[in-house]
Amino acid sequence: MSNQMSSQLKLQDMSPSSSMAVPVGSATDHFRQPAATVLGDPADTSTSTSLTQTFHFSSGNPRIEETRGIMHLFCEDSPSHLPVGRKPLVSVLGVPNHMTYADFCKFCGSFTQHILEMRIVRNDEMEDRYSILMRFQNQDSADKFYLHFNGREFNSLEEEVCRVHFTIDVQFTGYSGSHEHGQPSPTSTTEHSSCPVCLERLDHDMGGILTTICNHSFHCSCISKWTDSSCPVCRYCQQMPEKSVCFICQTSENLWICLICGFVGCGRYKEGHAARHWKETQHCYSLELETQRVWDYAGDNYVHRLIQSKTDGKLVEHTHCMHAG
């Protein structure tokens, strides 16, 4: 949990007298750039409108906690244009969800050794894509990354291209979640969490840190070996699955999937097609899609753990663990 706490941020109330509020006192302050040095006079709306664009983003597991914010980017005049007043902070927009964290680290190649930190976020109204905030060691590395990757295809098999924008400011605007997963205290900003993979300290001054979309941080070298699209800590998946429906009535509520044959049916609070499937096939184990809990129709209770029988290969309940935890 300390790893998650260090990667989150301490939010500050937005001031109506300021054109751009910024967070203070957290590890993610590295993404905060002074807006006044780039945007100039806040009253000059024509300048800010013509030179910048705004994107809303969020991060975190929505079922537990969620951080929301706004990224302010330079508009792209041409692929080779380097805006005046830029900082060593860039955003890569619209990365396809099928690209895992390891895929993107591999795509960046040798540039990863010049990246201090990367943060994965989701953009509003872009369910099949995610974006990445990247902070580089120096301006020269950021410029070279922009010139090398902006407009470049992610791979030769698809038409998706890498869209790199220099970032003016990252503004965190809100947080929602339980007290258990709440905002970190000011003292947590001085603590260094450890990478869950190698257990070595995550030092932002040394760089090479990637924070996943669910706010867990890892060394880039460690997460690049993780080929799954889920988080190694909480298993939250950045790639949102297609919306499932009951095979019979097409409802998308209260769904259960048969662990034997994959049949998707609705629960007893809808039309009861999952239970009807069990009666017709005797496939007794069904997983509730929303909670990921397994129900045993034969035993009429939830199952703590399933194992595969060595004798006939069938799924059976591991009874020794019924009272564990």
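Where a number appears in this text, it was derived from the coordinates with a stated rule and is not lab data. Keep in mind that this is a model prediction, so the values were computed, not measured. When we count neighbours, we look across all protein chains shown, and the Cβ atoms used for this are built from the backbone with ideal geometry, even at glycine.
Miscellaneous remarks
- With neighbour counts taken as other beta-carbon atoms within 10 Å, the residues ASP228, ASP103 rank, fewest first, as ASP228, ASP103.
- Neighbour counting of Cβ atoms within 10 Å sorts the residues ASP169, ASP140, ASP300, fewest neighbours leading, into ASP300, ASP140, ASP169.
- Exposure proxy order (Cβ contacts within 10 Å, fewest to most) of GLU159, GLU66, GLU280: GLU159, GLU280, GLU66
- Cβ-derived FRET efficiency at R0 25 Å, GLU253 paired with ARG63, nearest 0.05: 0.95
- Neighbour cut-off at most 11 other Cβ (10 Å), DSSP loop, trypsin sites (Lys or Arg not before Pro), the stretch 56-106: ARG63
- SER176 paired with ARG152, simple spin-label distance in nm, labels 7 Å along Cα-to-beta-carbon: 3.8
- For the pair the stretch 53-123 / the stretch 192-213, the C-alpha centres are spaced 18 Å from each other.
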